[in-house]
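Notes follow once the structure below has been shown.
Laboratory data are not the source of any read-out in this text; all were calculated from the coordinates shown. The shown structure was predicted, so the numbers you read here are calculated from the model rather than taken from an experiment. So basically every Cβ, Gly included, is an ideal-geometry build from the backbone, and we count neighbours across all protein chains shown.
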Amino acid sequence: MRTLEDMIEKVLEIVEDCLMHEKETENGLLNHVKTIISVYNNEYGIDEPAIWIVQHPVTGSSNDNLSQELTLNYTIEFACVEYDKDPKIAEKKARQLAAKVAQSIKNNYRTIQYNKFQDRIIENVKFNTLHPVGDGIDVEGKTLKVPVAGIVLDFEFTIDWVNSC
């Protein structure tokens, strides 16, 4: 059964696995990334380059009513940071990292979801927003705030609304 909570957890697993696959592969797009944070309240410092997975509200994808099946969009933001002494170069590196995050998900989500769940969990991944320069964050071992770029993606999935309540 495709319950809301079950599907949210599966989407998060797939997203994390996409990033970890590219991080752990020798020539992966993210093999230089040191930290991937998947919790909202991170009380430990980060070691950069870093990607912070930030969950946003889950919304209806259209004017669906509460019928048998409901198609939802799960919005996830990826805050990306990569330090450089020159803030302009740090901003550019953060944007490049954000683009690599999106490419990592595009390249891997289909294969990972089928290998892991033998099912099509994520029906579509849609571009939402790119924040080319966001507020700086504190990075362990750095005295200055480091620029952050954020890319926001929408993950579309369907739940069995009637049977999950």
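Assorted remarks:
- Vicinal HN-Hα couplings computed from phi for the range 3-17 (Karplus, 6.51 cos²θ - 1.76 cosθ + 1.60; Hz; Gly/Pro x): 7, 4, 4, 4, 5, 4, 4, 5, 4, 4, 4, 4, 4, 4, 5
- Across the range 149-159, rounded Karplus estimates of 3J(HN,Hα) from the backbone phi angles (6.51 cos²θ - 1.76 cosθ + 1.60, θ = phi - 60°) give 10, x, 10, 10, 10, 10, 10, 8, 8, 10, 10 Hz, Gly and Pro being marked x.
- Rounded to the nearest 20 debye, dipole of the range 48-118 from Cβ charges on Lys, Arg, Asp, Glu: 320
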